[in-house]
Amino acid sequence: MNLTQLYDSHIHTALCLHADGEPVDYAAVAAERGLKGLIITDHNPIDGDAWEPGIRMRPEEFSLYLEQIEQAREKWKGLVDVRLGLESDWFPGHEAHLARLHQRAEFDFIWGSIHCNVHAYAKTFYRGDVLEYQKLYYDHLARAAETGLFDAMTHPDVPKFMFPDDWNVEVLLDDIRRSLDRIAATGLALELNTSGLHKPYPEMNPGREILELMLERNIPVIIGSDAHTPSRVGADFDLAVALLDEIGFRHVSYFIGRKRQDVPISAIWDRDISP
Ligand SMILES: [Zn+2]
Ligand SMILES: [Zn+2]
């Protein structure tokens, strides 16, 4: 597989307190694996203690985050293109804060995320009914996309590793279709996140059924490793590209300067051309 066309668009750093390594360390692995570049997308800082301060950089560390990315960018110039991104958690009422944050630097790319598996979100929205909670997630995914704050939404079936025993995509299909219709109308992209292969429901996020519904709606796909440790950079990208190819996608996308770039899968996937 020819990774030189691809960015890994989903990378964390030690600043979020549940990952290790700095951007330079992630860039070293990207260079080794022959990726075109990396978009560092650590969890967004949020003022106050209400929304999981233990799993994100503190607001006063934001400038350090920018500096570390700039250092990596300089160090790996010409070898790996290191870019500035962010993974921003959306929840209702939080839009003004995010709008301000997203203006604080020249971002190349911003993920919107609904982390329904984290305590603060569950405490606010989980009422004891798993199916209702999963349906609410799909409404929130579309609502977040409709805010216009993000370029793409992450791992669009994350409830499956929160409730692996209760995950049944069939019973959610109407809600998923409605959500994807709304997302398609915004023009946003969605992620194919390879880290799901190592989670309690061992499958990429999203799984095949949702990818097929995305293709029907022409929703662009961005591949991300969601690396929380440098060795995971570009992990399982071969499986992700093969899956997209098999389903019928023609492109994989990434964002630079908040503009979408589409790479033909034919340019990534060196097919075995036998006579
Ligand atoms: Zn994380
Ligand atoms: Zn992430």
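The values are calculated or read from the model by the stated rules, or taken from the named source; none is laboratory data. Note that the structure is a prediction, hence the values are computed from the model and not measured. Every residue, glycine as well, gets a Cβ built from its backbone with ideal geometry; the counts of neighbours run over all protein chains shown. With ligands, DNA and RNA removed, areas are computed over all heavy atoms of the protein, side chains included. Shrake-Rupley method; radii C 1.70, N 1.55, O 1.52, S 1.80 Å.
Dividing the mean sequence gap of close Cα pairs (under 8 Å, 6+ apart) by how many residues the chain holds gives a relative contact order of 21 percent. Among LEU86, LEU141, LEU15, determine the one that fluctuates most according to a GNM of the chain built with springs between C-alpha atoms less than 10 Å apart. Between LEU86, LEU141, LEU15, it is LEU15 that shows the largest mean-square fluctuation.
Taking all protein chains into account, the per residue accessible area for the chain stands at 42 Å² (1.4 Å probe). Its DSSP H runs of at least 4 residues, each contributing -39,500 (n - 2.57), put the calculated 222 nm mean residue ellipticity of the chain at -11000 deg cm²/dmol, to the nearest 500.
Bridging of LYS160 to lysines at a Cα separation below 25 Å is possible for LYS123, LYS135, LYS199, once same-chain residues fewer than 8 apart are set aside.
May I ask you to give the percent of accessible area on the range 3-268 that is carbon plus sulfur, with a probe radius of 1.4 Å?
Percent of accessible area from carbon and sulfur atoms in the range 3-268: 48.
Using only the Cα atoms of the range 1-45, build the gyration tensor, take square roots of its eigenvalues as a ≥ b ≥ c, and label the shape rounded, prolate or oblate: rounded if a/c is under 1.5, else prolate if a/b is larger than b/c, else oblate. It comes out prolate by the Cα gyration axes. Modelled spin-label separation between ARG178 and HIS18, with each label point placed 7 Å from Cα along the Cα-to-Cβ direction: 2.9 nm.
Expressed as a fraction of 2.2 N^0.38 Å, the C-alpha radius of gyration for the chain is 0.95.
Averaging Cα coordinates gives a centre for the range 207-253 and one for the range 114-130; these two points are 26 Å apart. Of the candidates THR194, THR186, THR124, which one comes out as most mobile in a Gaussian network treatment of the chain with C-alpha springs shorter than 10 Å? Most flexible of the set in this elastic network: THR124. Under the rule a/c < 1.5 gives rounded, and otherwise a/b versus b/c splits prolate from oblate, where does the range 1-138 land using the Cα gyration tensor? Judged from the Cα gyration tensor, the range 1-138 comes out prolate (a/c at least 1.5, a/b above b/c). Taking label points 7 Å from Cα along the Cα-to-Cβ direction, ILE256 and ILE55 give a separation of 3.3 nm.
Pairs of alpha-carbon atoms within less than 8 angstrom and 6+ residues apart define the contacts here; what relative contact order does the range 117-181 have, in percent?
Values: 28 pairs, mean separation 26.7, N = 65.
So the answer I get is 41 percent.
Which whole-angstrom value gives the distance between the alpha carbon centres of the range 59-80 and the range 171-201? If we compute the Cα centre of each part, the gap is 30 Å. Once backbone amide H atoms are built at 1.01 Å from N, ILE223 has LEU192, SER253 as its partners under 5 Å, excluding neighbours fewer than 5 places away on the same chain.
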